[in-house]
Every structure is written in structure tokens, then in C-alpha cells.
Amino acid sequence: MLALLVLVPFFAFSVWVSMGHGPLGFIDTALHGGWETQIFLDLAIAMVVASTVVRRDARKRGIASWPWMIAMFTLGSIGLLGYFVYRELPGVSRADDAA
């Protein structure tokens, strides 16, 4: 539920920013200078770590992880939050059920 509460406004904000700056507008900012590049690299490292967590969790639950990996590396946190919302939907395999 918390993931959904964060996902919806964050997705709306991301769409708004993308409409104003284009879907690749972050590249100019990320390469602008020291702190901008550091923040971009920090987020990239966090996404790699998060993808490992998602991959293991999805495998344990019997969920295909590849769509979520693509979503995470193209949409960032939106893909990550989407996975956490999806895995809690009714009918989606649970760790208890998979065991």
C-alpha cells in the first residue's frame, strides 16, 4: 500500500517533468557538473542493488523478473515501485504459496 501511495504522485510528477523537458532531459543535467553527476551515479548504483533484490524476490514468488528489470532501467523508481505494488495484487504468487 505504501508503494502505491508513493508511486501514483511520483509517476504523475515524472510525466509532468518529461512533458516539459523530454524523456531524455535528465542526461544534460546528469552530465552538467560534479554534484549532478554524483547524484546520477548514486541512483544508478541504487537501481543495480534494487534490481538484485527484485530479481531474488520475484524468483522466490514465481514471478517473471525480466519485465521489472526493463521497467527499472528505463523508468527508474517507477519500475521498482510498480513491482512492489504488483507483487501484492490478489492472485499474484506469494512466497508462502510458492514454497
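Points worth noting:
- Only one of the numbered conditions (1) in a helix (DSSP H, G or I); (2) touching a residue at least 12 places away in the same chain (Cβ under 8 Å) is not met by Thr74, and that is (2).
- Residue list for region 56-77, filter: crowded, with 16+ Cβ neighbours inside 10 Å and either farther than 22 Å from Val6 by Cβ or not polar (S, T, N, Q) (or both): Asp57, Ala58, Arg61, Ile63, Trp68, Met69, Ala71, Met72, Gly76
- Subset tally (residues that are part of a loop (DSSP other than H, G, I, E, B) and either of a type in the set (Val, Ile, Thr) or exposed (fewer than 11 other Cβ atoms within 10 Å of the Cβ) (or both)) for region 1-22: 1
- Residue identified as touching a residue at least 60 places away in the same chain (Cβ under 8 Å) and of a type outside the set (S, T, N, Q) among Leu24, Leu2, Leu43, Leu81: Leu81
- Subset tally (residues that are of a type outside the set (Asp, Glu), touching a Ser or Thr at 6+ places or on another chain (Cβ under 7 Å) and part of a helix (DSSP H, G or I)) for region 23-70: 7
Values quoted throughout were computed directly from the atomic coordinates according to the rules given, and no laboratory measurement underlies them. Source: prediction; values computed, not measured. Using ideal geometry, Cβ is built from the backbone for each residue, glycine included, and neighbour counts are taken over all protein chains shown.
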